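Colleague: My structure is below; once you've seen it, I'll send some questions.
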Amino acid sequence: MSIPAIDAHAASYRAREVPAPAQVVDGVWAVPVPLPGSALRYVTVYLLETADGLVLVDAGYDHPACWRAFTQSVESLGHRVEAIGTVLLTHNHPDHVGFAARLQTVAGARIVIGRPDDFATMHRTRGTFLAQLRAALDLTGAPADVVESMYADAVDVAVHHESLRPDVTVTDETEFRFGDVTVRAVPTPGHTYGHTVYLDTRGLVFTGDTMMAEGPTQLAIVSRPEDDPAADLFGSLARIRALDATVACPAHQFPYRDVAARVDELSAYHRDEVDAVRDLTVLGDDAWTLARRMTWQKPWDELGRGTRRFHLVHALALLRTATATDE
């Protein structure tokens with residue numbers, strides 16, 4: 001179990017409560033933003049105080065209640081959202097990019113994101129999120145009626161405005177200087193293809209959704225022949241370990257201290273998943289066949305349709321890595 005850097009945030013997470021903003025280290029604040037109606041309960045964004053003004057890591061969800069809670073939290077820390085000069089986005093999921101465009105308007109904030117996660121780039125190279133999901137479902141080998149019903153369910157719940165226009169996109173390690181603070185952007189694909197973590201000179205690494213304090217990492221959707229998100233994740237975890245950060249600040253759960261140990265634990269978990277898939281797979285199996293053979297928290301037929309869709313796409317990603325290793 002990870003060692004919490006903020007005991008109150010760990011306690012609130014385990015009690016399924018939304019914690020108050022708290023200081024991680026001098027000049028860095030963890031700011032939980034409630035997610036109404038979500039099982040996640042909240043997403044944590046991070047406010048960095050620098051000599052060149054405020055820097056924000058991730059931007060919550062685009063909902064009036066989220067914006068209101070965020071602005072109130074910033075004000076409680078003695079700041080105003082209009083003073084935020086840069087927003088560093090870890091990836092392009094809706095609970096991370098939510099009010100980034102609003103900060104462009106009200107604060108003139110500069111928006112930074114990994115280039116593969118820039119929506120214009122993603123649409124050109126991969127298509128929209130729903131297009132990628134449809135391609136992934138087709139690749140699983142599931143029957144046509146299953147694909148249609150799973151896709152229809154996703155369309156019903158998908159609320160993802162993919163119109164944000166960033167000011168800076170990064171493809172390689174890039175340093176941003178904010179007075180006496182330097183933040184290094186480090187590409188870490190696996191959860192998405194353009195996922196980026198940010199290393200602060202104060203010893204913090206803002207890990208987005210790549211590495212929570214507990215539990216596995218959700219793998220990116222496989223939609224193209226060359227996609228291998230589990231292999232991407234293993235490389236990214238090794239990259240994070242080499243940063244020698246003292247505290248990891250994820251977007252969910254709570255900040256924690258034992259960064260290298262957590263990298264090793266998470267890498268081992270996902271390698272065990274790949275090994276299990278390899279052991280279960282008979283030559284020629286597709287992800288649909290494999291997913292129904294794998295062990296989940298309940299038998300396959302007892303899982304809800306949304307959970308089955310998630311597990312099916314996850315099985316496809318693991319199968320891609322397992323078969324690539326076999327080759």
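Colleague: Ignoring ligands, DNA and RNA, how do R177, R305 rank by accessible area with a 1.4 Å probe, largest first?
Modeller: From most accessible down to least: R177, R305.
Colleague: For Y269 and T307, calculate 0.36 nm times their separation in residues minus their Cα-Cα distance, and state this gained length in nm to one decimal.
Modeller: 11.7 nm
Colleague: Sticking with this structure for a sec: In the chain, what percentage of the DSSP-assigned beta bridges are antiparallel, given to the nearest 5?
Modeller: 65
Colleague: Could you state, as a whole-number percent, how many of the C-alpha pairs of the range 16-133 are farther apart than 19 Å?
Modeller: Value for the range 16-133: 46 percent of Cα pairs lie more than 19 Å apart.
Colleague: Length gain on complete extension for the stretch T105 to D167, per 0.36 nm per residue less the alpha carbon to alpha carbon distance?
Modeller: 21.1 nm
Colleague: Solvent-accessible area per residue for the range 160-286 at a 1.4 Å probe radius, Å²?
Modeller: Spelled out: the 1.4 Å probe surface of the range 160-286, per residue, equals 40 Å².
Colleague: Now, a different point. To the nearest 20 Debye, how big is the dipole of the range 188-303 about its Cα centre, given +1 on the beta carbon of each Lys and Arg and -1 on that of each Asp and Glu?
Modeller: Values: 11 positive and 19 negative charges, 60 e Å.
That gives the range 188-303 a dipole magnitude of about 280 debye.
Colleague: Once you charge only the Cβ atoms, +1 for Lys and Arg and -1 for Asp and Glu, what is the size of the charge dipole of the chain about its Cα centre, to the nearest 20 debye?
Modeller: The dipole of the chain has a size of about 500 debye.
Colleague: If I stretch the segment between T246 and R80 completely, what's the gain in nm (0.36 nm per residue apart, minus their alpha carbon distance), one decimal?
Modeller: Extending this stretch completely gives an extra 56.9 nm.
Colleague: Would you work out if the range 1-80 is rounded, prolate or oblate? Take a ≥ b ≥ c from the square roots of the eigenvalues of the alpha-carbon gyration tensor; rounded if a/c is under 1.5, else prolate when a/b is larger than b/c, oblate otherwise.
Modeller: oblate
Colleague: Here's another thing I want to ask about it. Taking only Cα atoms, what is the 0 to 90° angle, nearest 10, from helix 64-76's long axis to the longest principal axis of the chain?
Modeller: Its long axis makes an angle of about 40 degrees.
Colleague: Given a Förster radius of 41 Å and the C-beta distance between A276 and V25 as r, what FRET efficiency does 1/(1 + (r/R0)^6) yield to the nearest 0.05?
Modeller: For R0 = 41 Å, the calculated efficiency reads 0.60.
Colleague: What is the distance, in nm, between label points placed 7 Å from the Cα along the Cα-to-Cβ direction at D156 and at R184?
Modeller: Roughly 4.7 nm, to one decimal.
Colleague: Specify which residue in the list T44, A291, P64 is farthest towards the positive end of the charge dipole of the chain, using unit charges on the beta carbon of Lys, Arg (+1) and Asp, Glu (-1), about the Cα centre.
Modeller: Checked the options; the winner is P64.
Colleague: Another one. Of all accessible surface on the chain at a 1.4 Å probe, what whole percent is carbon and sulfur?
Modeller: 51
Colleague: Rounded to the nearest 20 Debye, what is the dipole magnitude of the range 255-324 about its Cα centre when Lys and Arg each give +1 and Asp and Glu each give -1 at the C-beta?
Modeller: Its charge dipole is roughly 300 debye.
Colleague: Could you rank Y193, Y269, Y198 by how accessible they are, 1.4 Å probe, largest area first? Let's see the in-between values first.
Modeller: On the way: Y193 40, Y269 105, Y198 0 Å².
Sorted descending by solvent-accessible area, the residues read Y269, Y193, Y198.
Colleague: What figure, in Å² to the nearest 10, do you get for the accessible area of T105 with a 1.4 Å probe and non-protein molecules left out?
Modeller: Roll a 1.4 Å probe over it and T105 shows about 120 Å².
Colleague: Which order do the peptides 109-119, 181-191 come out in when sorted by mean C-beta neighbours inside 10 angstrom, highest first?
Modeller: In decreasing order of mean packing, 109-119, 181-191 become 109-119, 181-191.
Colleague: What net charge do the residues around R80 carry, taking every other residue with its C-beta under 15 Å from that of R80, with Lys and Arg at +1 and Asp and Glu at -1?
Modeller: After counting each charged neighbour, the total is -1.
Colleague: Could you work out the equivalent-ellipsoid semi-axes for the chain, taking the square root of 5 times each eigenvalue of the Cα gyration tensor, largest first, in whole Å?
Modeller: 33, 21, 19
Colleague: Using helices alone, I'd like the mean residue ellipticity at 222 nm for the chain: each DSSP H run of four-plus residues gives -39500 (n - 2.57), total over residue count, nearest 500. Don't jump to the answer; show the numbers that get you there.
Modeller: Details: 11 runs with 130 residues, N = 327.
After summing the helix terms and dividing by residue count, I get -12500 deg cm²/dmol.
Colleague: Further, regarding this structure: If ligands, DNA and RNA are left out, what is the accessible area of D62 with a 1.4 Å probe, given in Å² to the nearest 10?
Modeller: 90
The values are calculated or read from the model by the stated rules, or taken from the named source; none is laboratory data. On a predicted model such as this, the values are computed, not experimentally measured, just so you know. Reconstructed Cβ throughout: ideal geometry from the backbone, glycine too, with neighbour counts over all protein chains shown. For the accessible areas, the whole protein counts, side chains as well, though only heavy atoms, and no ligand, DNA or RNA atoms are used. Shrake-Rupley method; radii C 1.70, N 1.55, O 1.52, S 1.80 Å.
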